[in-house]
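A.B. asks: Below you'll find the structure I mean.
The values are calculated or read from the model by the stated rules, or taken from the named source; none is laboratory data. From a predicted model like this one, the values you see are computed outputs, not experimental measurements. All Cβ positions, even for glycine, are placed from backbone atoms using ideal geometry, and neighbour counts span all protein chains on display.
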Amino acid sequence: MTKTISSKAFYNMIVPLVKEVGAYQRSRYSKAVKVEFKGDINLVTEVDKKSEAMLVSVIQKIYPDHDILAEEGTGTRKDSQYKWIIDPLDGTTNFAHNYPLFAISVALEFKGDILAGVVYDPLRDEFFRAFKGCGAFLNDKPIKASKVGQLSKALLVTGFAYNVKKSQDNNLCHFNNMIFKAQAVRRDGVAAIDLCYIACGRYDGFWELNLYPWDTAAGVLIAAEAGAKISCFNGGPYSIYERDLLVSNNKIHKEMIKVLKMGKLPMKM
């Protein structure tokens, strides 16, 4: 029978490992890197691959029977109650262009539920973490979602998937509608960071389409443990295997759902 991993065991293993990978990324930041294209605008660098190899090799050594789902395809698929979900470098395009915002995201799924997650911003040395039922933390200090109560006073964040130029479901209509309803909207290109910024109150709401489990698994848990509301666009239950995600401080959630339901209707000024 598989023994449940405790929060202490999880943090003792993952924190130093992720910080080691972060140190490697800092050492390569702003230096020339080899860039490949997985799609027209979907990049992968040698730093992505090396970072993933560093993470996976240690996890496999300590937990050889666990599943691993990593963005660049490293790891194994096994019949395990545990699954590690890894984005070794969220914000690859930012990294490749020397834009100073990217992160490492690692989550642990247990029996289909996200048990624990960490997101690390190496340049700012900001380490977000959560273990289910134990709250959310930034560098060991508890964090909470904001208290902004009106969409008109909210700072939102969103993103656009790599198929934005080809898919009709590309988020542009929602972006247009939200701009007219919110105080302001940002676009960082790092979903894991966006979710953590909801958790610590820097943003009040987030929505995005065509996301993958490695984009959201850690950040969604961190946001939820900080008191954020998590759902699909229609307000229904969210799973990291869904493709649309809405996250808010809970106070503006219903307003955001109404705007998302507007779809491609023209906005009146």
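A.B. asks: All but one of (1) within 28 Å of TYR29 (Cα to Cα); (2) at pLDDT 95 or above; (3) not aromatic (Phe, Trp, Tyr) hold for LYS83; state the number of the condition that does not hold.
C.D. replies: Every condition holds for LYS83 apart from (1).
A.B. asks: Right, another one. Only one of these conditions is not met by ALA184: (1) in the same structural domain as VAL220 (by TED's automatic domain parsing); (2) of a type outside the set (Ser, Thr, Tyr); (3) closer than 30 Å to TYR11 by Cβ; (4) loosely packed, with under 14 Cβ neighbours inside 10 Å. Which number is it?
C.D. replies: (3)
A.B. asks: List the number of the failed condition for GLY73; all other conditions in (1) farther than 30 Å from CYS134 by Cα; (2) small (Gly, Ala, Ser); (3) surrounded by fewer than 16 Cβ atoms within 10 Å (Cβ to Cβ); (4) touching a residue at least 12 places away in the same chain (Cβ under 8 Å) hold.
C.D. replies: (4)
A.B. asks: Scan PHE175, PHE128 and give me the residue that is surrounded by 15 or more Cβ atoms within 10 Å (Cβ to Cβ), touching a Ser or Thr at 6+ places or on another chain (Cβ under 8 Å) and not in a loop (DSSP other than H, G, I, E, B). It would help to see each step written out before you state the result.
C.D. replies: Details: PHE128 fails: touching a Ser or Thr at 6+ places or on another chain (Cβ under 8 Å).
The unique qualifying residue is PHE175.
A.B. asks: Out of segment 112-170, which residues are more than 27 Å from ILE5 (Cα to Cα), among the hydroxyl-bearing types (Ser, Thr, Tyr) and at pLDDT 95 or above?
C.D. replies: Matches in segment 112-170: SER146, SER152, THR158.
A.B. asks: When residues of segment 207-224 are filtered for being over 11 Å from the mean Cα position of the chain (by Cα) and surrounded by fewer than 24 Cβ atoms within 10 Å (Cβ to Cβ), how many remain?
C.D. replies: Selection size over segment 207-224: 3.
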